[in-house]
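Okay, structure first, notes after.
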Amino acid sequence: FAGKPRPTLAVLPEGVTINYLARLENPTPYINFMPPELVLFGEPNIVAAFDAHPPDVILLVHKNTSEYGLPWFGRDYAQALWKWLGEHYQPAALFGDQPLQPGSRFGIGVLVRK
């Protein structure tokens with residue numbers, strides 16, 4: 001992250017508290033990426049915000065969202081955002097289980113820009 005005083009961070013599908021505790025800014029105007037927010041703000045708008053101001057680091061935090069009828073970010077909803085992430089980011093670290101996978105336990109995946 002040369003040339004930047006602090007990296008930027010987005011936590012998906014939710015986890016803005018991590019931004020607060022780490023004192024790292026999310027450069028997009030969106031803080032939650034759960035099914036209601038994708039419907040409310042529109043997934044194309046969210047993808048456009050990431051494209052215009054991509055975070056330096058993405059944390060993928062394990063979260064089953066079955067209460068919305070769509071259990072898994074990137075599989076059951078947010079496929080366009082997931083695709084965009086795959087095109088622009090690469091895995092850098094994994095803490096715990098692989099997040100966002102049926103049957104896995106809690107984990108956090110760290111992605112950095114390619």
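The values are calculated or read from the model by the stated rules, or taken from the named source; none is laboratory data. Just so it is clear, the model here is predicted, and its values are computed rather than measured. Don't worry about glycine lacking a Cβ; one is built from the backbone with ideal geometry, like all the others, and counts go over all protein chains shown. Quick note on the areas: whole protein, heavy atoms, side chains included, nothing else; ligands and nucleic acids left out. Shrake-Rupley method; radii C 1.70, N 1.55, O 1.52, S 1.80 Å.
If R0 is taken as 25 Å, the Cβ-Cβ distance between residue 105 and residue 31 corresponds to a FRET efficiency of 0.50. Temperature 25 °C, viscosity 0.890 mPa s: under these conditions the Stokes-Einstein estimate for region 41-92, based on its Kirkwood radius over C-alpha pairs, is 205 µm² per second. Within the chain, DSSP assigns beta bridges of which about 70% are antiparallel (rounded to the nearest 5). Largest first, the residues 105, 75 sort by 1.4 Å accessible area into 105, 75. In this structure the amide hydrogen of residue 89, modeled in the peptide plane, comes within under 5 Å of the amide hydrogens of 114, none closer than 5 places in sequence on its chain.
Reported to the nearest whole Å, the Cα centre-to-centre distance from region 16-38 to region 45-114 is 12.
Using a probe of 1.4 angstrom and keeping all protein chains present, the accessible surface of region 1-83 works out to 53 square angstrom per residue. About the centre of its Cα atoms, the chain shows a dipole size close to 360 debye [charges on the beta carbon of Lys, Arg (+1) and Asp, Glu (-1) only; nearest 20 debye]. Here is the size of the chain from its Cα atoms: Rg then Dmax, 13.3, 43 Å. As an equivalent ellipsoid, region 1-61 spans semi-axes of 20, 14, 8 angstrom, where each value is the square root of five times an eigenvalue of the C-alpha gyration tensor, largest first.
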